[in-house]
Amino acid sequence: MTNKKGNYEIEAFMGDVLVFSYVGFHTIEVTVDENNVYNLDMYPAVEKLDEVVVEKKIEKAFTQQELLAEYPTNKNLIKTSRGILDKERASFSMRMLDDSDILAMGPDFLFSLRNHFPNMVVDRDSVGGPYVYFPQVSQAWRPVLFDVDGFLYERAPTFIAPAEIDRIAVIKRNGSFSRYGPQGAGGVIIINTKEKTRQDDYGVER
């Protein structure tokens with residue numbers, strides 16, 4: 001685990017092999033020797049394509065009421081303070097997790113969430129925290145915005161138990177800013193709890 005500046009330590013022995021990997025980048029393997037510090041540069045893994053075919057697909061525009069009816073069985077839907085989002089029809093990239101992905105381990109759900117987002121930084125030392133950061137999203141270290149059952153929080157809602165979470169969506173970069181404005185410049189984590197999922201009167205945009 002890294003600190004809020006991204007620094008970390010790994011206990012290893014001479015001859016051990018450290019493997020650094022990340023989606024979209026070449027994997028690097030380093031054999032431990034007398035060096036105490038390893039500063040590595042990871043390079044994108046670029047693949048050449050012989051041919052690309054782009055097809056236009058016309059999809060039906062669903063209303064918020066139709067999405068609400070589909071929500072219990074469609075894991076690509078997430079309820080937000082600005083209406084229901086559909087991962088398959090969103091104009092930006094978002095990653096979805098359901099309750100099976102959030103394990104009851106560590107002090108709170110953030111511990112389990114870091115298994116899916118290794119670059120996520122959790123600052124538990126700042127006053128008013130904890131705060132969460134995606135360093136590659138906001139160079140100004142703007143904290144992640146949490147949208148929990150329609151309520152917005154800048155500090156991590158660690159009062160939510162892992163067993164209470166029904167699904168989570170994570171939005172970064174342009175998607176978080178375009179939907180939430182400057183407040184979402186550091187990324188947005190959307191959480192729907194199981195208690196709220198069971199209610200039929202969830203407020204959505206009409």
Exercise. Name the residues in region 67-95 that are touching a Leu at 6+ places or on another chain (Cβ under 9 Å) and closer than 30 Å to residue 20 by Cβ, would you?
Worked result: 87, 94
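Please indicate, with yes or no, whether at least one residue in region 65-87 is among the hydrophobic types (A, V, I, L, M, F, W, C) and assigned to a loop (DSSP other than H, G, I, E, B).
Within region 65-87, not a single residue is among the hydrophobic types (A, V, I, L, M, F, W, C) and assigned to a loop (DSSP other than H, G, I, E, B).
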For this session: Restricting attention to region 68-83, report how many residues are of a type outside the set (Gly, Ala, Ser) and open to solvent by less than 10 Å² (accessible area, probe 1.4 Å).
Result: 5
Problem set entry | The one condition in (1) closer than 27 Å to residue 68 by Cα; (2) in contact with a Ser or Thr (Cβ under 7 Å, 6 or more places away or on another chain); (3) open to solvent by 50 Å² or more (accessible area, probe 1.4 Å) that residue 175 fails to fulfil | (3)
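Yes or no, residue by residue, for (1) among the aromatic types (Phe, Trp, Tyr); (2) over 18 Å from residue 190 (Cα atoms); (3) free of Cβ contacts under 8 Å to residues at least 60 places away in the same chain; (4) outside any loop (DSSP other than H, G, I, E, B):
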| position | (1), (2), (3), (4) |
| --- | --- |
| 97 | no, no, no, yes |
| 100 | no, no, yes, yes |
| 105 | no, yes, yes, no |
| 111 | yes, no, yes, yes |
| 128 | no, yes, yes, no |
Seminar exercise, completed: Note on region 32-59: residues open to solvent by 80 Å² or more (accessible area, probe 1.4 Å) and within 28 Å of residue 119 (Cβ to Cβ) are 35, 36, 37, 39, 41, 43, 46, 47, 48, 49
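Among the candidates 117, 159, 146, single out the residue that is part of a loop (DSSP other than H, G, I, E, B) and open to solvent by less than 20 Å² (accessible area, probe 1.4 Å).
Only one candidate qualifies: 117.
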Problem set entry | Single match in 101, 166, 149 (criterion: within 28 Å of residue 73 (Cβ to Cβ), in contact with a His (Cβ under 8 Å, 6 or more places away or on another chain) and modelled with pLDDT of 90 or more) | 101
Seminar exercise, completed: Within region 1-31, the residues that are aliphatic (A, V, I, L, M), touching a residue at least 12 places away in the same chain (Cβ under 8 Å) and open to solvent by less than 100 Å² (accessible area, probe 1.4 Å) are 12, 17, 18, 28, 30
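The values are calculated or read from the model by the stated rules, or taken from the named source; none is laboratory data. These numbers come from a predicted model, not from an experiment. In this analysis, Cβ positions are derived from the backbone assuming ideal geometry, glycine residues included, and neighbour counts consider all displayed protein chains. What goes into the accessible areas is simple: the full protein's heavy atoms, side chains included, and nothing from ligands, DNA or RNA. Shrake-Rupley method; radii C 1.70, N 1.55, O 1.52, S 1.80 Å.
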